[in-house]
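The values are calculated or read from the model by the stated rules, or taken from the named source; none is laboratory data. Bear in mind that the values here come from a model prediction, so they are computed numbers and not experimental data. All Cβ positions, even for glycine, are placed from backbone atoms using ideal geometry, and neighbour counts span all protein chains on display.
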């Protein structure tokens with residue numbers, strides 16, 4: 001049986017990935033017994049149109065220096081990840097992509113289609129939430145968002161944000177590997193936010209999970225009318241001690257400009273608990 005395939009975008013430009021990414025990625029890979037593919041981003045930049053600007057600043061030389069620094073930073077990071085995974089019988093490989101920084105999310109989304117899960121560190125740079133958005137909505141695969149704010153990843157207790165929608169259903173299916181390993185699963189529904197199905201979707205999900213041998217409990221999270229849903233869900237997850245929030249990624253698009261749902265936008269802007277999003 002093939003191991004799960006984990007894709008990790010490695011951002012090297014500006015601040016780049018923090019050392020915490022090493023602990024997060026290796027911990028997740030060991031937990032899921034997953035092979036790891038590091039997709040290393042080396043930034044490219046458009047040429048300067050002004051010949052005078054090139055003469056005064058030597059832009060080509062500056063670009064070469066940036067790329068050299070980024071490759072050196074990536075080399076150290078991936079070497080440490082490889083060392084941490086050594087002896088685990090897990091495959092580890094790297095691929096370098098050179099592209100303009102705003103395009104990295106879309107490039108990663110294409111690579112992600114040939115993997116089972118993408119792990120995105122939201123604390124890498126100001127562009128990380130935008131890249132994560134492109135991956136969530138463009139890859140067709142689940143995206144696990146992590147943050148340096150979480151000292152230790154523990155997926156023993158998983159909380160599902162459930163409203164009976166297609167996106168939430170997709171997220172539950174995509175989270176199967178986490179749900180089957182969890183010691184506790186909580187199905188949480190935010191009330192007072194919108195009209196919910198009248199056929200008791202919480203009980204139906206609990207019944208569905210039980211047929212997978214996954215016992216779950218349900219809770220209602222009040223206050224949806226007056227409080228941001230992302231904050232309510234993350235506060236409740238932290239209160240219950242849940243180490244993973246599973247939810248559907250919600251957004252509209254006719255071209256490529258997404259109007260994000262409130263909960264999705266809130267998670268991307270202020271991640272407090274590791275979250276697995278699917279669209």
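Quick check on segment 214-232. Is at least one of its residues within 24 Å of the chain's Cα centre (by Cα), closer than 19 Å to residue 279 by Cβ and modelled with pLDDT of 85 or more? So far as segment 214-232 goes, yes, one or more of its residues are within 24 Å of the chain's Cα centre (by Cα), closer than 19 Å to residue 279 by Cβ and modelled with pLDDT of 85 or more. Among the residues of segment 17-35, those identified as modelled with pLDDT of 90 or more and part of a loop (DSSP other than H, G, I, E, B) are 33, 34.
The set of residues from segment 141-171 being touching a strand residue (DSSP E or B) at 6+ places or on another chain (Cβ under 9 Å), surrounded by fewer than 17 Cβ atoms within 10 Å (Cβ to Cβ) and free of Cβ contacts under 8 Å to residues at least 60 places away in the same chain comprises just one member, 164. Checking each residue in segment 86-111 for being under 21 Å from residue 1 (Cβ atoms) and touching a residue at least 60 places away in the same chain (Cβ under 8 Å) picks out 90, 91. Looking at 209, 271, 277, just one residue is within 19 Å of residue 146 (Cβ to Cβ) and either in contact with a helix residue (DSSP H, G or I) (Cβ under 7 Å, 6 or more places away or on another chain) or at pLDDT 95 or above (or both), and that residue is 277.
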